[in-house]
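S.K.: Please see the structure below; I have some questions.
The values are calculated or read from the model by the stated rules, or taken from the named source; none is laboratory data. Predicted model only: the values in this text are computed from it and were never measured. All Cβ positions, even for glycine, are placed from backbone atoms using ideal geometry, and neighbour counts span all protein chains on display. Heavy atoms of the whole protein, side chains included, go into the accessibility calculation; ligands, DNA and RNA do not. Shrake-Rupley method; radii C 1.70, N 1.55, O 1.52, S 1.80 Å.
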Amino acid sequence: MLISTHSLPDGDGLGAEHALFHYLKRAKKACRVYNPDPLPKRYRFLDPKASVLLGPGEVEIWDTCDLWIIVDTNDPRRLGKLWGELNLRAKKIIFIDHHPEISTGQTISLPPHAFNLVDTQSSSIGEMLYNMFDELKLATINEDVALGLYVSVMTDTNSFRYSRTTPTAHRIAAEMIEHGVNPEEVYQAIYSSKELSHLQLLGQLLQNTKVTHNGRIAWLEMGLDLRKKHLASADDTQSFLNLLLLLKDAEVFCLFREEDDGQIRVSIRSKGKITINKVAMELGGGGHEYAAGLALSAPMSKTVEAVIERLKSLVHSYEKFGKSI
């Protein structure tokens, strides 16, 4: 079996991979992890020997495999070159995801041997895997499996603060702590990982926070030159958007970040009143109702204009009709 997650991997995908790998190993299954991007520095505690969560050039993959399990996405485009390399070399492909399927007229065609397993009610892939492990009973949960499940659940609920946090998410966290996970160590490894230059970058961005005239939408714009000046990778800036959640009057937030390849990646968040994933889908992205993203090959100014104008319409409809349309 082969296990992968999407490009620019996050805690949900990486934690889920870690848990699934160790669970299958305990069940005496031959499996390997292979991702389109390397493991970000702040998640190296999951794989200190660099032997499990591997990416391009770090491991040879099989010519064929019986099953390819892809976690935390149902969109093959998010696998980059990996999809083209492997989709015909796997006898069966299963996407395990909790994001809504793309539904704005885009055609996402999957080969006949690929299937989606989607549960939009789950807080994270970790929650989905926990329920699957409980049903399958192929192995018991040990500390390695527990660490992956905890990281997945904790990061994708923003430390249990997002609206999609479920009662089960809290129960999973408690049980994983009983299996030996240290919450403080996990939190410090993931979130206390910034260099001084990263904080200086954040300070400069916050000084230039932009808002619409009524303050309902707020956003940050991060050009590649600025990010490189402060020696920050894309992953080093992932948590910056959360700071805008502190704004009292704002309901929707965006981070516009220029990537190494020149694309503008957009992360969008909502406090939970206004559904924003349709905007992401309209522009080729996707995500949850209140947390979504997309990437465009357009200049920063054009991308900002396209996204903010659509979000203004959402906010206007919410203020006029009490709902987003």
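Let's see how each residue does on (1) in contact (Cβ under 8 Å) with a residue 24 or more places away in the chain; (2) surrounded by 21 or more Cβ atoms within 10 Å (Cβ to Cβ); (3) touching a Phe, Trp or Tyr at 6+ places or on another chain (Cβ under 8 Å); (4) assigned to a loop (DSSP other than H, G, I, E, B):
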site: Lys25; (1), (2), (3), (4): no, no, no, no
site: Pro36; (1), (2), (3), (4): yes, no, no, yes
site: Tyr43; (1), (2), (3), (4): yes, yes, no, no
site: Glu60; (1), (2), (3), (4): no, no, no, yes
site: Ile70; (1), (2), (3), (4): yes, yes, yes, no
site: Ile93; (1), (2), (3), (4): yes, yes, yes, no
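S.K.: Taking Gly15 and the conditions (1) closer than 20 Å to Gly284 by Cβ; (2) touching a Leu at 6+ places or on another chain (Cβ under 9 Å), which numbered condition does it fall short on, given that it satisfies the others?
M.R.: Checking Gly15 against (1) closer than 20 Å to Gly284 by Cβ; (2) touching a Leu at 6+ places or on another chain (Cβ under 9 Å), the one that fails is (1).
For every residue, the table says whether it meets (1) of a type in the set (Asp, Glu); (2) in contact with a helix residue (DSSP H, G or I) (Cβ under 8 Å, 6 or more places away or on another chain); (3) outside any helix (DSSP H, G or I).
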| residue | (1), (2), (3) |
| --- | --- |
| Ser159 | no, yes, yes |
| Ile172 | no, yes, no |
| Met176 | no, yes, no |
| Gln200 | no, no, no |
| Leu220 | no, yes, yes |
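S.K.: Of everything in region 95-144, what is over 16 Å from the mean Cα position of the chain (by Cα), hydroxyl-bearing (Ser, Thr, Tyr), open to solvent by 60 Å² or more (accessible area, probe 1.4 Å) and farther than 22 Å from Ala27 by Cβ? Give them in sequence order.
M.R.: Hits for region 95-144 are Ser103, Thr107, Ser109.
S.K.: Considering region 123-142 alone, what residues qualify as being in a helix (DSSP H, G or I), among the hydrophobic types (A, V, I, L, M, F, W, C) and out of contact with any Asp or Glu (no Cβ under 9 Å at 6 or more places or on another chain)?
M.R.: The answer is Leu129, Met132, Phe133, Leu136.
S.K.: Same structure again: Go through region 194-214 and give me each residue that's under 28 Å from Lys273 (Cβ atoms) and either exposed (fewer than 14 other Cβ atoms within 10 Å of the Cβ) or in contact (Cβ under 8 Å) with a residue 60 or more places away in the chain (or both).
M.R.: Leu206, Gln207, Asn208, Lys210, Thr212, His213, Asn214
S.K.: Of these, Ile172, Ile217, Ile177, which one is more than 17 Å from Ala234 (Cβ to Cβ), open to solvent by 70 Å² or more (accessible area, probe 1.4 Å) and β-branched (Val, Ile, Thr)?
M.R.: Exactly one of Ile172, Ile217, Ile177 is more than 17 Å from Ala234 (Cβ to Cβ), open to solvent by 70 Å² or more (accessible area, probe 1.4 Å) and β-branched (Val, Ile, Thr), namely Ile177.
S.K.: Out of region 284-309, which residues are in a helix (DSSP H, G or I) and surrounded by fewer than 16 Cβ atoms within 10 Å (Cβ to Cβ)?
M.R.: Matches in region 284-309: Ser301, Lys302, Glu305, Glu309.
S.K.: Would you check if Tyr162 is out of contact with any Cys (no Cβ under 9 Å at 6 or more places or on another chain) and buried (at least 24 other Cβ atoms within 10 Å of the Cβ)?
M.R.: no
S.K.: Still on this structure, I have one more. Could you check Asp260 against (1) surrounded by fewer than 17 Cβ atoms within 10 Å (Cβ to Cβ); (2) under 19 Å from the mean Cα position of the chain (by Cα); (3) of a type outside the set (Gly, Ala, Ser); (4) at pLDDT 95 or above and say which number it fails?
M.R.: Exception for Asp260: condition (4).
S.K.: Among the residues of region 1-23, which ones are part of a loop (DSSP other than H, G, I, E, B) and of a type outside the set (Asp, Glu)?
M.R.: Listed by number, the residues that qualify are Met1, His6, Ser7, Leu8, Pro9.
S.K.: For region 80-96, state whether one or more residues are modelled with pLDDT under 95 and under 21 Å from Thr275 (Cβ atoms).
M.R.: No: zero hits.
S.K.: Within region 186-193, can one find any residue that is more than 22 Å from the chain's Cα centre (by Cα) and open to solvent by 20 Å² or more (accessible area, probe 1.4 Å)?
M.R.: no
S.K.: Can you tell me which residue within region 72-91, out of those that are part of a loop (DSSP other than H, G, I, E, B) and touching a residue at least 24 places away in the same chain (Cβ under 8 Å), is surrounded by the most Cβ atoms within 10 Å (Cβ to Cβ)?
M.R.: Only one residue tops the list, namely Asp72.
S.K.: Would you check if Ala250 is buried (at least 18 other Cβ atoms within 10 Å of the Cβ) and in a loop (DSSP other than H, G, I, E, B)?
M.R.: It is true that Ala250 is buried (at least 18 other Cβ atoms within 10 Å of the Cβ) and in a loop (DSSP other than H, G, I, E, B).
S.K.: Within region 222-247, can you find the residues that are outside any loop (DSSP other than H, G, I, E, B), exposed (fewer than 14 other Cβ atoms within 10 Å of the Cβ) and out of contact with any strand residue (DSSP E or B) (no Cβ under 9 Å at 6 or more places or on another chain)?
M.R.: Lys228, Lys229, Leu246
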